[in-house]
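Rule-based calculations on the coordinates, nothing more; no lab input. The structure displayed is predicted, hence computed values, not measured ones.
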Amino acid sequence: MTFRILHRYLGYFLAGVMMVYALSGITLIFRKTNTFKVSIEKEMTVAPGLDAIGLGKVLRIRNLTPIDNDGSLMVFEQGVYNTITGEADYTVKELPYWLDKLTHLHKATTEDPLYYFNIFFGLALLFLAISSFFMFAKSSFIFKKGLWFTLGGIILVLIMLYV
């Protein structure tokens, strides 16, 4: 099997994978905003008598700031916490289930079986990039022009990293 055949069919296979990765990557750009997120009502019973910092940690709400606290009810932007019973009713913004699963592809670590897929994907893309240099004769105009485009891509990435 030649580089051309491997490159062609691996390229077609990875085209589908890259479309999914592109969508999840675009979604991750907006991860610190509420774009694409939906409101989800939650009810949870936690330890009674928590302060704002402790409650924020338990509910996984960053910078939880009480708006009102009369001793028995702590009202905060996302909801309310009963300091006596430990009941918390609050709203969180989360990605829809399918979109959360999709973005998880980008965030997989070594504790997650998906990281094997990410390694395969990275190596396959590296193979596609390298094998593309074997598609044309080194003396051809297309190959030489391709090298200039490759250099342009490298320079663009370096500029984006350091500017």
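Assorted remarks:
- Taking a straight Cα-Cα cut-off under 23 Å and skipping sequence neighbours fewer than 8 places away in the same chain, the lysines within cross-link reach of residue 101 are 32, 37, 42, 93.
- Volume per residue of the C-alpha convex hull in the chain, rounded to whole Å³: 160 Å³
- Computed as a quarter of the hull surface, the mean projected area of the alpha carbon convex hull for region 38-94 stands at 3.3 nm².
- Note on the chain: with a GNM built from Cα contacts shorter than 10 Å, the maximum mean-square fluctuation among 105, 114, 73 falls on 73.
- Selected from 41, 94, 111 as most flexible by GNM, with the chain as the system and alpha-carbon contacts under 10 Å: 111
- Helix 3-29 vs. the chain, principal-axis angle (Cα, 0 to 90°, nearest 10): 30 degrees
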